[in-house]
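Working notes for the structure below.
FYI, it's all coordinate maths here, none of it is from the lab. Everything numeric here is computed off the predicted structure, so don't read it as measured data. Backbone-built Cβ (ideal geometry, glycine too); neighbour counts: all protein chains shown.
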């Protein structure tokens, strides 16, 4: 996806959200959901996705295709599907943290860690695809595992349902750790 396409996608998503909010008749809720947390939960993943797309551009796929890959690596289409689900999952987590965590400190820590995971995800894409570095890809995933572990630990205390969602993603990240290590070793 080019930067222009990413911005178009972001604009369409934000226009949809604004239209959704516009139909609320002045209420602070939309279909039973709190407007402020909903707007933040939708806008933040979109903005991170646009940031990551602009950061990397389309430069890494040709390089990636030329690498020797481990036999257990799933097809690229699966990565696209998981990537899309990741943004949806984090929108749900952000909404639940912003709307359900009553403890201000717990909300701040949970939100900070979730945003940290989202930022590191985009920076990993740049380190791996943008810099064409299998070593940076492996080391970045190792740091990512640590940050996701911290997020799960905090969410277990403050928002258990979100913790369960993130654990499902955590299992995928452990798979990422294995294939990025093997990719680095092979190349």
Full-extension gain in nm, residue 119 to residue 160, via 0.36 nm per residue minus C-alpha separation: 12.5 nm
Residue 76 versus residue 153: modelled label distance in nm, points set 7 Å from Cα along the beta carbon direction: 3.7
Gyration tensor over alpha-carbon atoms, the stretch 127-187, equivalent ellipsoid semi-axes in Å: 27, 10, 8
Per-q log10 I(q)/I(0), the stretch 74-187, q = 0.14, 0.16, 0.22 Å⁻¹ (Debye; single scatterer per alpha-carbon; no solvent): -0.57, -0.72, -1.20
149, 53 arranged by Cβ crowding within 10 Å, fewest neighbours leading: 149, 53
